[in-house]
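**Q** One structure, as structure tokens, below. Some questions next.
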Amino acid sequence: MGDHETSVLLAQLRSASSYPEQAAALRSLKNEIVGHTQKKESWVSAGVLEPVVRILSASNAPSKLNGKDRRSSTTPTRAPTEEETVRLQAVQALSTIASGGPSFLPPLHATGSISAILATLSPLTNSPHIVYASLRALSVIADAAAVAPAGSPCDLQTLADSLFIPTHIHSLQIILLSTSHDDIAQSQIVLAANLISRLCQDANHRLALSKANGVLDALATRLASFVVSEGLVVPGAEWADKSEQAEMSEHIPAPAPRHARIGPILHAIATVVGDSRYRAFMLLTSPAILAVFPVTEFIPAPAVRAAWQTTGLSTVANGDSLGAMDYLLPPVPQRGSRRARRKSVESKERKSVSVTSVHEHIRSESYGQAADSQTCDGDVPESPLIPYLIYLSRSDEDLVRLMAIAVLTPLVKADFVTKPARETMIATIIIPTLLQLMRDHLEKPYTTDARFTVDTATKETWEILELAPVLLARLIVDHEVLQQAAFDCNAIEILSKLLQEAYKPAVSAQPRMWSPNPGASMDMDECSPARKLGRAGELPLLMHRIRLRESALKAIADALAKEDYRKSLMELDVIPYIVESLSMHPGRPLPAKERPRRQSAQTEDAHTTAKPEYGLNSSNVLIAACHVVRMLSRSVSILRTALVDYDVFVPILKYLHHPVVDVQIAATAVMANLVTDVSPMREPLIEEGVMTVLCMHTRSSNPSLRLNALWALKHLVYEVGPTLKKAVVEELSPGLLVRLICDDTEDNALASSRTAIDSPSFVADVGDPDDDVDMQQSDDPKGFVFDSATGGQQETSRGRTRNMEDKLTRYRESELNPVRKARNDDLAIQEQGLDLIRNLITGTRNEILGHSGPSETTEMVDFLFLELGQDRLFSILESKLRPKIIRPFSRRSSGRESRVIYPQAKLIEIVIYVLVHIAASVPRHRQLVISQTNMLKLLSTHFNHKEKEVRAALCQLVTNLTWQDDADDAMGCSQRAQELKNLGFLTKLNSLHDEDPELDVRERAKGALWQMKRPY
């Protein structure tokens, strides 16, 4: 079409007043630009978007037909009205323009095109074809936003903010609950589910979609419809009350049509649930899920039971009951209790592992926060949904298998998978399935080019390769059995191949189309935003490979818990790829000998030349790479060889100043391992000023950054002389150090927790990306009604029992209550702060061996007494041993609501060891400890503590307090021993020596008793 024809059509669009004229002009425009990017650019530059959006906005009628649901009077076969035709043609025209790629997003955003499209989303006021066109247009825009360059006014977050508001969420819910078997209705459901899984990445949006009778329940209903269609509904025999049974039966949905797709539904459910225990329980207790998967005892036919018993592998053989869904799964050998083993692993790892933060980016700590006495799951029976998801993981469709595991994973992490045989099933079915999916699709060829569009098969392959490693990482983290299963399935080798695949160079230059007016773009800066095209987006293949780097690194990090696993990684020559992932501007991975040496963080900028074929590593890639380096640095041999050869401390030190705080948190966690006494990088880091940076981070408003900075400082001051130790204290300042170890803000918070929950501000921004924010509307009659009297939520919908509602309230309060979060943060920070003091007064090996001069311990104890105040320090230590009574200051509270907060075992242990090191100094310091009568009385109550570390530490304290340096100390030593006897220490030591189940404790008690009983 020439310039004259373009002007004529544009004039028609601007002047058309009747629906037929508008429809004809829009149809001509659509036919003119479809499939031709250059024509789309010309039309946008000519200003075509403004009249199209104006026509669409004018045709959007906000009212219903006679106040009724238009879906009941509009079917796909009914001839559309003229108004609907105009609306459909306008939406399709905008969708066609958006398909040109990210460069069209700025003018679409400037003209309000996205808002106009969203206005046509409601099935209550639009025909099915229009709703489908709107969903299709939004999907096209989301595809463009996914590869939009940085700074684009329309990215995925902006689009999600526009979509996930109450009005449009309600529209999505209606679409998902459609019972029509028409192709267009099923297509709407798939598009809606795909939009949710694509855009719902924010905690606020997840909570908005998971309110009662909302999108999560609608998705659960869709999932239940597939269960019905497969004939797998479990009889609800446990509903003894007939009325209750009838009510649950009402929630059984109609069967899904044969051509319906379950994969997008599973993906959307997994996305909405995320890492939240609260939302996982909402899924399990969704009325439709309870209706098709009631928790009931299943009695199989005698022949079936006999067949399973003959295998010798089934839980039936051991007397455990199986649900109906379990008989669809293969029998597996049993192991011990997963929960007991997992607790054992966590107990062993707690001392040696320096976690990235209390809110690690790769996993949610909401599970740990929820696992308190109020939210114990011992009485929550396992849902038949669990074996059904395992059953789906053996499907013929790869994407269905992956998405079933994606839904299963948060249920596993939330401890809703409780049967003993499940651990073995996950180890022998789920883990191999994930790795097989990675292996198959890594070897599968895919087609792509420099254009914006990517074919469906390639998209599926990319999605599997990006998501499978993340699911594997979430399943195996902190789980020894599953880590071993992954290792046995060659997980490290497969993940290494994924990372190597992610660093294959991609051609980033897109072909430039010929234009008869090459200088036309010179005047683009003078155009209005509605006509000005944006920058071209990133190459889809390159974006995929950057995401693949992130997911592969996450899985590799969580697969390196043991030394054997780390050695296996070192044999694969993958370290160059890990190191290259530490660079924002990566290049071709090179061996250490071929890489230029980087001696300092100041010279790092000289190696940051952008290489377009490798793209730019996102902050998530940097965080994941830091996580891998942190895991590798736990191995002393790797720390002293490969990590030194590649100068990893240089980028890590640089990222302590990164503008993204999550990168700073990850880098600080790595630094905690790089500054240990066995690290050859400690001295270069000290020379580069790492101590000053870490001290600066202890003043951060981010609790995770403060925690990791203290952790690193704790390691930095271990096995160094008094000069550096004093410099750390002076850089921190005594006042800050005192606040870090005694800032009991959690007490104040707990005291006012009832008031905080009663207040509407409880639903304000929680501040952490892993926490949820309540975005529910209080006037929604179908949702939760906020109950200020109980500090929770009460559900007004049917389908969930009161017991389930109570548990939902507890889970929600555990995840969202900022009081609980603040207390957990404070306790973790205080623990590291006290550990820092402990290491400050710990002598070096030379002192212990007698190779140093005057006692360094004595010097540092006196220094801390001078800087912090002797009485103040002992007062702080004593406060950590004393139970605290919390009385809420609320008009609704009574004295019966007071809570007693007992000191945590780890804090008690650290306090004792601080006293142990003070007592390891000179006699006058031991005498100071003995004079703290109240503190010793509190300590005497912990001789029967359940944690053996506390009991062992008390024995060591007695040994040090009764130590005699020389003959001049005989009288003082005798007095100290007598004082301990008067406080009942001798009796309790005898009890430990005779009855304690731990050999180490008995031996320490034996030594302490000898010290107290010997003549002075």
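**Q** Filter the stretch 222-281 down to residues that are assigned to a loop (DSSP other than H, G, I, E, B) and charged (D, E, K, R) and give me whichever is modelled with the highest pLDDT. Even if it seems obvious, please write down each step before you answer.
**A** At the first step, the residues of the stretch 222-281 found to be assigned to a loop (DSSP other than H, G, I, E, B) are 230-241, 250-262, 274-276.
Imposing the further condition that a residue be charged (D, E, K, R) reduces the set to 230, 238, 241, 250, 258, 261, 275.
Details: Glu230: 93, Glu238: 45, Asp241: 50, Glu250: 80, Arg258: 91, Arg261: 96, Asp275: 92.
My answer is Arg261.
**Q** Here is a follow-up. Among the candidates Val621, Val629, Val670, Val650, which residue alone is touching a residue at least 40 places away in the same chain (Cβ under 8 Å), closer than 23 Å to Arg595 by Cα and in contact with a Cys (Cβ under 7 Å, 6 or more places away or on another chain)? Explain how you work it out, then say what you get.
**A** On the way: Val621 fails: in contact with a Cys (Cβ under 7 Å, 6 or more places away or on another chain); Val629 fails: in contact with a Cys (Cβ under 7 Å, 6 or more places away or on another chain); Val650 fails: in contact with a Cys (Cβ under 7 Å, 6 or more places away or on another chain).
None of the other options fit; the residue is Val670.
**Q** Restricting to the stretch 148-159, what's the tally of residues that are over 22 Å from the mean Cα position of the chain (by Cα) and surrounded by fewer than 22 Cβ atoms within 10 Å (Cβ to Cβ)?
**A** Going through the stretch 148-159 one residue at a time, the tally reaches 5.
**Q** Next question, about the same structure. Could you name every one of the helices (runs of 4 or more DSSP H) located completely within the stretch 357-461 that has at least 3 residues being under 22 Å from the mean Cα position of the chain (by Cα) and either at pLDDT below 70 or farther than 16 Å from Leu284 by Cβ (or both)?
**A** Working: elements: 366-370, 385-392, 398-413, 421-425, 431-443.
Ranges flagged: 366-370, 398-413, 431-443.
**Q** Let me ask something additional. Which of the residues belonging to the stretch 670-694 are closer than 19 Å to Leu732 by Cβ and crowded, with 23+ Cβ neighbours inside 10 Å?
**A** Answer for the stretch 670-694, where residues must be closer than 19 Å to Leu732 by Cβ and crowded, with 23+ Cβ neighbours inside 10 Å: Met671, Ala672, Val675, Leu685, Val690, Leu694.
**Q** A follow-up question, please. Which of (1) in contact (Cβ under 8 Å) with a residue 60 or more places away in the chain; (2) not in a helix (DSSP H, G or I) is the odd one out, the single condition His945 does not satisfy?
**A** Unmet for His945, out of (1) in contact (Cβ under 8 Å) with a residue 60 or more places away in the chain; (2) not in a helix (DSSP H, G or I): (1).
**Q** To continue, here is another question. Can you tell me which residue in the stretch 596-632 is nearest to Leu705 (Cα to Cα), limited to those that are assigned to a loop (DSSP other than H, G, I, E, B), modelled with pLDDT of 80 or more and of a type outside the set (Gly, Ala, Ser)?
**A** For the stretch 596-632, the residue satisfying everything is Asn617.
**Q** Another question about this same structure. From Thr428, Thr424, Thr433, Thr453, grab the single residue that is touching an Asp or Glu at 6+ places or on another chain (Cβ under 9 Å), touching a residue at least 12 places away in the same chain (Cβ under 8 Å) and among the polar types (S, T, N, Q). Give the derivation first.
**A** Values: Thr428 fails: touching an Asp or Glu at 6+ places or on another chain (Cβ under 9 Å); Thr424 fails: touching an Asp or Glu at 6+ places or on another chain (Cβ under 9 Å); Thr433 fails: touching an Asp or Glu at 6+ places or on another chain (Cβ under 9 Å).
Exactly one residue qualifies, and that residue is Thr453.
**Q** Now a separate question. Being over 28 Å from the mean Cα position of the chain (by Cα) and under 21 Å from Ala822 (Cα atoms) is true for just one of Leu685, Leu732, Leu707, Leu737. Which residue is that?
**A** Working: Leu685 fails: under 21 Å from Ala822 (Cα atoms); Leu732 fails: under 21 Å from Ala822 (Cα atoms); Leu707 fails: over 28 Å from the mean Cα position of the chain (by Cα).
Result: Leu737 is the single residue among Leu685, Leu732, Leu707, Leu737 that is over 28 Å from the mean Cα position of the chain (by Cα) and under 21 Å from Ala822 (Cα atoms).
**Q** Have a look at Leu207, Leu172, Leu159, Leu176 and point out the one that is under 30 Å from Lys532 (Cα atoms) and not polar (S, T, N, Q).
**A** Working: Leu207 fails: under 30 Å from Lys532 (Cα atoms); Leu172 fails: under 30 Å from Lys532 (Cα atoms); Leu176 fails: under 30 Å from Lys532 (Cα atoms).
Answer to the check: Leu159.
**Q** Among (1) modelled with pLDDT under 90; (2) in a loop (DSSP other than H, G, I, E, B), which single condition is Leu10 missing?
**A** (2)
**Q** Only one of Ser162, Ser134 is assigned to a helix (DSSP H, G or I), hydroxyl-bearing (Ser, Thr, Tyr) and either surrounded by 23 or more Cβ atoms within 10 Å (Cβ to Cβ) or touching a Phe, Trp or Tyr at 6+ places or on another chain (Cβ under 7 Å) (or both); which?
**A** It is Ser134.
Residue-by-condition table, conditions (1) within 20 Å of Ser187 (Cα to Cα); (2) of a type outside the set (D, E, K, R); (3) outside the structural domain of Arg136 (by TED's automatic domain parsing):
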site	(1), (2), (3)
Gln201	no, yes, yes
His205	no, yes, yes
Ala208	no, yes, yes
Asn213	no, yes, yes
Asp217	yes, no, yes
Leu223	yes, yes, yes
Val227	yes, yes, yes
Gly231	no, yes, yes
Pro235	no, yes, yes
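**Q** Taking the criterion of being of a type in the set (D, E, K, R), under 24 Å from Gln870 (Cα atoms) and at pLDDT 95 or above, would at least one residue in the stretch 905-919 satisfy it? Steps first, please.
**A** Here is the first cut: in the stretch 905-919, the residues of a type in the set (D, E, K, R) are 906, 909.
Now narrow it down to the ones that are under 24 Å from Gln870 (Cα atoms): 906, 909.
Right, trim to at pLDDT 95 or above and you get 909.
Yes, because at least one residue in the stretch 905-919 is of a type in the set (D, E, K, R), under 24 Å from Gln870 (Cα atoms) and at pLDDT 95 or above.
**Q** Among the residues of the stretch 704-721, how many are surrounded by fewer than 21 Cβ atoms within 10 Å (Cβ to Cβ) and either in contact with a Lys or Arg (Cβ under 8 Å, 6 or more places away or on another chain) or assigned to a helix (DSSP H, G or I) (or both)?
**A** First, pick out the residues of the stretch 704-721 that are surrounded by fewer than 21 Cβ atoms within 10 Å (Cβ to Cβ): 718-721.
Checking which are either in contact with a Lys or Arg (Cβ under 8 Å, 6 or more places away or on another chain) or assigned to a helix (DSSP H, G or I) (or both) leaves us with 719.
So the answer is 1.
The values are calculated or read from the model by the stated rules, or taken from the named source; none is laboratory data. If you're wondering where the values come from, they're calculated on a predicted model, not measured in any experiment. Heads up, the Cβs are rebuilt from the backbone with ideal geometry, glycines too, and the neighbour counts pull from every protein chain shown.
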